[in-house]
Amino acid sequence: MFTRVTDFLTDYREEAREAQKNWDALTDESLQQRAGEGLLSIGEQLWHLASVWHYVFIDELKLWPGEKFSEKPPETAAGLADFYREAAEKATGWIEQNWGDDDLAAELELWGMKMTRGKLLWELIKHEAHHRGQIVTLMRLAGLPVHGIYGPSKEEAAAMKQAAEEQSSPNGAG
């Protein structure tokens, strides 16, 4: 649970920035990748993830009055990646402008559950981490490179190891 707006903004902006590196690596073809019949594809997962701020803040909590939630996702990987980027920026900008630390203790009701705004923000970050893991797994199945978020990906670790070996070898440039 967040008790300071700046803590949320710092954490979420970092999460979104690192996740964006994966979304920018998606291809239009990869959007159809799914783990099995009846399971969400990369495109469907990313749309769900990217649209959650709009859904919660427009449809459920009515905090962004006058806005309408678009139920039709962009058709391209670049469009979905841009939508995610814009949603993350809009949400963090709005929270930064409209909520102070004391506001995070205010209770709200969402989906029949009572929680504080700070708890809601924490739950939204956990929700994103959950779906991000699913999408990254699907990216692997689609043969796409993956950017590590909480540490290097397999490819990033191999490149780091190779660079270190090259620097320490007698024939290396180091």
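Bear in mind these aren't lab numbers, they're just calculated from the coordinates by the rules spelled out. These numbers were taken from a predicted model, which means no experiment stands behind them. Quick reminder, even Gly has a Cβ in these numbers, built from the backbone with ideal geometry, and neighbours come from all protein chains shown.
Could you give the semi-axes, largest first, of the ellipsoid that matches region 49-88, computed as the square roots of 5 times the alpha carbon gyration tensor eigenvalues and rounded to whole Å?
20, 9, 8
Counting pairs of Cα atoms in region 110-174, how many percent are more than 17 Å apart? Working shown, then result.
On the way: 1301 of 2080 pairs.
For region 110-174, the fraction of Cα-Cα distances above 17 Å is 63 percent.
Considering lysine pairs in the chain that are 8 or more places apart or on different chains, how many have Cα atoms under 18 Å apart? Intermediate results must be reported in sequence, preceding the final value.
On the way: K21/K154; K62/K90; K62/K114; K62/K119; K68/K90; K114/K126.
Here the count comes out as 6.
In loop segments of region 69-150 as defined by DSSP, the chymotrypsin sites (Phe, Trp or Tyr not before Pro) with at most 11 further C-beta atoms inside 10 Å of their C-beta are W111, Y150.
For region 67-144, the C-alpha radius of gyration divided by 2.2 N^0.38 Å, with N the number of residues, is 1.36. Along its principal axes, region 1-77 has C-alpha extents of 40, 28, 21 angstrom, given from the largest down.
Grab the alpha carbons of the chain, take their convex hull, and tell me the volume per residue in Å³.
Details: hull volume 25.1 nm³, N = 174.
Convex hull volume per residue, Cα atoms: 144 Å³.
Take every Cα pair under 8 Å whose residues are at least 6 apart in sequence, average their separation, divide by the length of the chain, and the relative contact order is 32 percent.
Helical content of the chain, expressed as a calculated mean residue ellipticity at 222 nm, amounts to -18500 deg cm²/dmol (DSSP H runs of 4 or more residues, -39,500 (n - 2.57) each, divided by residue number, nearest 500).
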